[in-house]
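**Student:** Have a look at this one before I ask anything.
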Amino acid sequence: METDRIDKESLEFLKKLSVNNNRDWFQENKKEFKEHEKKVKEFYMSLMERMKQHDDIDKFKMFRIYRDVRFSKDKTPYKSHFAGSFSRTGSALRGGYYLRIKPGETFIAAGFWEPNKEDLLRIRKELEGNASEFRNVIQNKKFKDVWGKLEGEELKTAPKGFDKEHPDIDLIRKKQFIFVRNFADKEVLSPEFISTVDDSFRAIRPYFDLMSEILTTNLNGESLL
């Protein structure tokens, strides 16, 4: 049975896990964890059904609670949050959605986290040629009221082959093209939270539509599909 609420008990469990992030405590409380995990997963599934009303969603992935500590200085074995992503269907629909539930640090994100080198070059070449349409989309007032400014990792200087004095170098040097929206716990526990998240994901569509067009055509506008 799907649910459209995040309950306070799930956030409280994550707080306790953060303080007791060790295998002994987790094993003792694993049954409770599984109960909260199930409820939160049902919330994600309910959200996905709403998203399908305005986008073609292929699948949902909920991330495991276990951390990979092999190459990390932080050796705590568990994540103190729940997280999941939603994939769009087919090669013509680009961009992805993400939701993390964590006490005091819940956020949603949408965009392009790790574009492969071909996609990254294609985006940069588009921006080098003419970034006006891109800027028009991300600087639209209604869009900014929901998502704020473009975020993501970037180079300190121009990528190889690009002019560091280019007027749009602030966009060209980016390695990620993402938008993030943060939520306080009070908002997460509100009955309107699921609608707010869904409306936010709906509002990202002009950006996804533009980026999908860029990434499925060459610089002459010819389809690559």
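The values are calculated or read from the model by the stated rules, or taken from the named source; none is laboratory data. Predicted, not measured: the structure shown is a model, and the values here were computed from it. A quick note on method: Cβ atoms are made from the backbone with ideal geometry, for glycine too, and the neighbour counts reach across all protein chains shown. Heavy atoms of the whole protein, side chains included, go into the accessibility calculation; ligands, DNA and RNA do not. Shrake-Rupley method; radii C 1.70, N 1.55, O 1.52, S 1.80 Å.
**Student:** How many residues does the range 180-194 hold that are polar (S, T, N, Q) and either farther than 17 Å from residue 107 by Cα or touching a residue at least 24 places away in the same chain (Cβ under 8 Å) (or both)? Lay out the reasoning, then the answer.
**Tutor:** Taking the range 180-194 and keeping what is polar (S, T, N, Q), we get 182, 190.
Subsequent filtering for residues that are either farther than 17 Å from residue 107 by Cα or touching a residue at least 24 places away in the same chain (Cβ under 8 Å) (or both) retains 182.
Selection size over the range 180-194: 1.
**Student:** Could you list, ordered by first residue, the pairs with Cβ atoms under 7 Å in which the first is in the range 197-225 and part of a loop (DSSP other than H, G, I, E, B) and the second is open to solvent by 40 Å² or more (accessible area, probe 1.4 Å) and not polar (S, T, N, Q), at least 6 apart or interchain?
**Tutor:** Qualifying pairs under 7 Å: 216/92; 216/224; 216/225; 218/224; 219/125; 219/129; 225/92.
**Student:** While we're here: What are the residue pairs meeting all of these: first residue in the range 110-135, first residue free of Cβ contacts under 8 Å to residues at least 24 places away in the same chain, second residue surrounded by 14 or more Cβ atoms within 10 Å (Cβ to Cβ), Cβ atoms under 7 Å, and 6 or more apart or on different chains?
**Tutor:** Between residues of the range 110-135 that are free of Cβ contacts under 8 Å to residues at least 24 places away in the same chain and residues that are surrounded by 14 or more Cβ atoms within 10 Å (Cβ to Cβ), there is no close pair.
**Student:** Something else about it: Please go through the range 138-189 and give me each residue that is loosely packed, with under 15 Cβ neighbours inside 10 Å, in a helix (DSSP H, G or I) and touching a helix residue (DSSP H, G or I) at 6+ places or on another chain (Cβ under 9 Å), ordered by number.
**Tutor:** Result: 142, 144, 145, 187.
**Student:** Sticking with this one: Checking residue 36 against (1) within 28 Å of residue 148 (Cβ to Cβ); (2) touching a strand residue (DSSP E or B) at 6+ places or on another chain (Cβ under 9 Å), which single condition isn't satisfied?
**Tutor:** (1)
**Student:** Filter the range 54-85 down to residues that are in contact (Cβ under 8 Å) with a residue 60 or more places away in the chain and within 25 Å of residue 217 (Cβ to Cβ) and give me whichever is surrounded by the most Cβ atoms within 10 Å (Cβ to Cβ).
**Tutor:** Within the range 54-85, the subset in contact (Cβ under 8 Å) with a residue 60 or more places away in the chain is 54-55, 78, 80-82.
This time we only want the ones that are within 25 Å of residue 217 (Cβ to Cβ), so: 54-55.
Numbers: 54: 13, 55: 20.
Top of the filtered list is 55.
**Student:** Applying the selection to the range 90-137, what residues are open to solvent by 40 Å² or more (accessible area, probe 1.4 Å), closer than 20 Å to residue 197 by Cα and of a type in the set (Ser, Thr, Tyr)?
**Tutor:** Residue satisfying the conditions is 98 alone.
**Student:** Does residue 194 count as open to solvent by less than 70 Å² (accessible area, probe 1.4 Å) and in a helix (DSSP H, G or I)? If you could, list the steps in order and put the result at the bottom.
**Tutor:** Details: open to solvent by less than 70 Å² (accessible area, probe 1.4 Å): yes; in a helix (DSSP H, G or I): yes.
Against the criterion (open to solvent by less than 70 Å² (accessible area, probe 1.4 Å) and in a helix (DSSP H, G or I)), residue 194 qualifies.
**Student:** Can you tell me which residue is nearest to residue 94 (Cα to Cα) among those in the range 18-69 that are among the aliphatic types (A, V, I, L, M) and part of a helix (DSSP H, G or I)? Spell out the reasoning first.
**Tutor:** So in the range 18-69, the residues among the aliphatic types (A, V, I, L, M) come out as 19, 40, 45, 47-48, 51, 57, 62, 65, 69.
Narrowing further to those that are part of a helix (DSSP H, G or I): 19, 40, 45, 47-48, 51.
Details: 19: 38, 40: 26, 45: 21, 47: 19, 48: 17, 51: 15 Å.
Looking at the filtered set, the residue picked out is 51.
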